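Presented below is the structure to which this report refers.
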Amino acid sequence: MDTLLAEIAAVVGAANVLTGADVAARCVDWMSGAPCRAGAIVRPADTGELAATMRLCHAARQPVVTHGGLTGLVHGAEATPDEIAISLERMTAIEAVDPVGGSLTVQAGAPLQKVQEAAEAVDRQFALDLGARGSCTIGGNIATNAGGIRVIRYGMMRQQVLGLEAVLADGSVISSMNRMLKNNAGFDLKQLFIGSEGTLGIVTRAVLRLQPPTPDVRTALVACPSFAALTGLLAHMGQALGGSLAAFEVMWQSHYRLLTEESGRHTPPLVTDAPFYVILESLGTDPQSHAGQFSTALETALERELIADAVLAHSDAQRRGLWAIREDIEGLIEALAPLFTFDVSLPIPEMAAYVDTLERALARDRPGASMVTFGHLGDGNLHISIGAGSADADTRRAVEQLVYAPLAPLGGSISAEHGIGLEKRAYLGLSRSAEEIALMHALKQALDPHGLLNRYKVLAPEADPAPATETRP
Ligand code: FAD
């Protein structure tokens, strides 16, 4: 690898090839804090340098792993000592903003929050939002097809991308930097790179879709008396608020109680005896009419007994206080560590039965384990956190079986938004057919025949079956 690194240093500059302690100082797993184990980290400044780096790696048959903000939750950025990590941390420029056409052109290493702020500066908004906004990058968001807290209104990352540029395994550059909403000229190649977790190409730049501003944000936390009331509330708020409902984030009682009363990390804004709590958020333009619409919708929900109690945020600080409970992943880690987290999706009517089944199975097979549930229920997405007292491979596998096995019969998926990475690779067949997986392999073979990009991620290569757990800390 030393000769190759010297050649790469000639392209990106010696200061941008990190080795030894500089590599180990980087954490590749947000949950566990595990250090990077790559042989080196390379930091190109632009597409040209990245493409030249990949040409050298291709010639040397050198596998690489792409690094964005390293907030991914399925071990997608992990690397082994024989791999080189390519970090986009120097590729963060906002290249152009077009408020009239509603687009923003950016280098893929730009943090999500920087893009949101650049859109706000021209009185537009970039609609993707998630708890890791300060660290996660646009390239990572594209690679994982990130979801987040605005999906019911604006869709996932796929819906926010108008065009992109990617460097392929052989160093060639595919530029599909489309700026228009409509462009049906042949295959829409950008879709190959969205959600394929860096296995088909390295995203280097993107054209993102901007939305009109919705400066009036109304937020409430409500308590729901039953799952039927919860789904009734979702339907009611969607109807009563027209298209402006943007978040419907549910916390099962176990989650809400743990992060408020039990851990003392947050003062509970509502008493903790309801089975479900929901953060409702609506985005509008005119403060007066929007406030009226939001309050009326909540009052009607109260009258119809869809909610038992509600608290409205009257300031940005109060709004942030409500969201802080929902987004407090550190609190979950502190309370349940070692923690297994899952990100599943299900048809909404099946969710309560699924959670009950899982809780019962866990009590039967793992007495003493704790489970809390929350998630973007409006998108059919649940996050399940389980503390089973041990993080060893056997315990993990046993818990994974319990979580994943009931999904397929209910029409659910093992990954709603975090992706597959290394973590769920062994279970891909539960959510995708043999034909779908064969087509994924064919695409991988066509674009990356030597298997250099994000090796071992998403798809298990038959010829080189590295166990998914082997690279984990
Ligand atoms: P990384 O972690 O660096 O990489 C993720 C994967 O993408 C890896 O496989 C990597 O190799 C690949 N990759 C990264 N950059 C590129 C690129 N330029 N080209 C090709 N491949 C690339 N996710 C959600 O969907 N919704 C949420 O609500 C959400 N909330 C979160 C809250 C917290 C507190 C945390 C820590 C994470 C959350 N996540 C959520 C997960 C994570 O933030 C997203 O998956 C995010 O999109 C990852 O971006 P990143 O830049 O950190 O990517």
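Values quoted throughout were computed directly from the atomic coordinates according to the rules given, and no laboratory measurement underlies them. Every value quoted in this text rests on a predicted model; they were computed, and no experiment measured them. Cβ atoms come from the backbone with ideal geometry, glycine included; neighbour counts cover every protein chain shown.
Using Cβ point charges alone (K and R +1, D and E -1), the dipole size of the chain about the Cα centre works out to roughly 560 debye. Charge tally for residue 90 (other residues, Cβ to Cβ under 10 Å; Lys, Arg +1; Asp, Glu -1): -2.
Please give the residues of region 336-367, grouped as numeric ranges, whose backbone N is less than 13 Å from a label point set 7 Å along the Cα-to-Cβ vector of residue 398. Hits in region 336-367 for residue 398 at 13 Å: 362-367.
Overall form of region 305-458: prolate. Here a/c, set by the Cα gyration tensor axes a ≥ b ≥ c, is 1.5 or more, and a/b is the larger of a/b and b/c. Counted by Cβ distance under 13 Å from residue 169, the other residues give a net charge of +2, where Lys and Arg count +1 and Asp and Glu count -1. Take the Cβ atoms of residue 295 and residue 122, set R0 to 35 Å, and the FRET efficiency comes out at 0.65. Annotation: amide H-H contacts under 5 Å for residue 13 (H modelled 1.01 Å from N, sequence separation of 5 or more, or interchain): none. The slack in the chain from residue 304 to residue 100, taken as 0.36 nm per residue of separation less the alpha-carbon distance, amounts to 69.1 nm.
By the rule of a C-alpha distance below 21 Å, with chain neighbours fewer than 8 residues away ignored, the lysines paired with residue 424 are 444, 457.
Hey, fewest Cβ within 10 Å first, where do 98, 328 land in order?
On the way: 98 14, 328 20.
Taking fewest neighbouring Cβ atoms as first place, the list is 98, 328.
Near residue 247, the amide H atoms lying under 5 Å from its own belong to 281; only residues 5 or more places off or on other chains count, and H is placed 1.01 Å from N.
Given contacts defined as C-alpha pairs under 8 Å and at least six residues apart, what's the relative contact order of the chain, whole-number percent? In percent, rounded to a whole number, it is 15.
Using alpha carbon centroids, what distance separates region 25-57 and region 235-295, in Å? One Cα centre to the other: 39 Å.
Stick to Cα atoms and the Kirkwood definition of Rh, then tell me Rg/Rh for the chain. For the chain, the value is 0.97.
Identify, among 15, 361, 239, the residue whose Cα sits farthest towards the positive end of the charge dipole of the chain, taking +1 on the Cβ of Lys and Arg and -1 on the Cβ of Asp and Glu, with the dipole about the Cα centre. Checking the options against the dipole of the chain, the answer is 15. As an equivalent ellipsoid, region 55-177 spans semi-axes of 27, 17, 12 angstrom, where each value is the square root of five times an eigenvalue of the C-alpha gyration tensor, largest first. Axis angle, to the nearest 10 degrees, between helix 287-303 and the longest C-alpha principal axis of the chain: 60 degrees. If only the Cβ of Lys and Arg carry +1 and only the Cβ of Asp and Glu carry -1, the dipole of region 179-223 around its Cα centre is close to 180 debye. Stretched out straight at 0.36 nm per residue, the stretch from residue 82 to residue 59 would grow longer than its current Cα-Cα span by 6.7 nm. For residue 164, the amide hydrogen comes within under 5 Å of the amide hydrogens of 176, 177, 178, 207, counting only partners 5 or more places away or on other chains and with H modelled in the peptide plane.
By its C-alpha gyration tensor, with a ≥ b ≥ c as the square roots of the eigenvalues, how is region 204-348 shaped: rounded for a/c under 1.5, else prolate for a/b larger than b/c, else oblate? All intermediate terms of the calculation are to be shown ahead of the outcome.
Values: a/c = 1.60, a/b = 1.19, b/c = 1.34.
Oblate.
Per-residue Karplus couplings for region 307-315, computed as 6.51 cos²θ - 1.76 cosθ + 1.60 with θ equal to phi - 60°, are listed in order as 10, 9, 7, 8, 10, 9, 7, 9, 8 Hz, Gly and Pro entered as x.
Under 1.5 on a/c is rounded, so check that first for region 335-414, then, if it is not, pick prolate when a/b is larger than b/c and oblate when it is not; a ≥ b ≥ c are the square roots of the alpha carbon gyration tensor eigenvalues.
Details: a/c = 1.89, a/b = 1.62, b/c = 1.16.
Verdict is prolate for region 335-414.
Here the sum of -39500 (n - 2.57) over DSSP H runs of 4 or more residues, divided by the residues of the chain, equals -9500 deg cm²/dmol at 222 nm, to the nearest 500.
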